[in-house]
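Every read-out reported here was derived from the displayed coordinates using simple, explicitly stated rules and does not represent laboratory data. The model shown is predicted, which means the values in this text are computed figures rather than measured ones. Cβ: placed from backbone, ideal geometry, glycine included. Neighbour counts: every protein chain shown.
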């Protein structure tokens, strides 16, 4: 399965803000943004020419990196969002938020999306009682998500991650004691905390 293996701190530095790709480390002084708040590379500290295309491209790249999605898959999400009723940009973010790895992260069952992706791929989660090992699996309202029984090591990792969560979004319901949750509904745009201006992405793909 294809995945982005580039250094995560460099991804945040390239976008100029914390994308919380490393979980707890992003909250410490070791965070790459706190240590070197400029883009990586030989010309990172130089002046960069601002243009409309550059702003749109950087916003798309930021969204890809935030959700851990590669270029081809991100394009498929956009095409699917454009065919749905409603605002394309909001549909796009909603599809990305409803990925199983994103939902597990929002619930506080993983410290980062990369950790959530690994837990899903290793078969540590079920949806409606059926084991799912596909991180991009789309959850729906009414779906019940639960950790599989029998893995004490995975349960310990999940429980330690719950200590980092501030508040579970209103469209989700979590039981951190039993490591289970339920999807109540699809998220509204105001409930999606992704640091993304989706309209710039729509403008980029509309050219």
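Within region 140-173, what residues put their amide N at less than 19 Å from the label point 7 Å along the Cα-to-Cβ vector of residue 128? It comes to 140-148, 172-173, nothing else.
One Cα centroid belongs to region 147-207, the other to region 59-137; the line between them spans 10 Å. Comparing region 65-179 with the 2.2 N^0.38 Å rule of thumb, its C-alpha radius of gyration ratio is 1.07 (two decimals).
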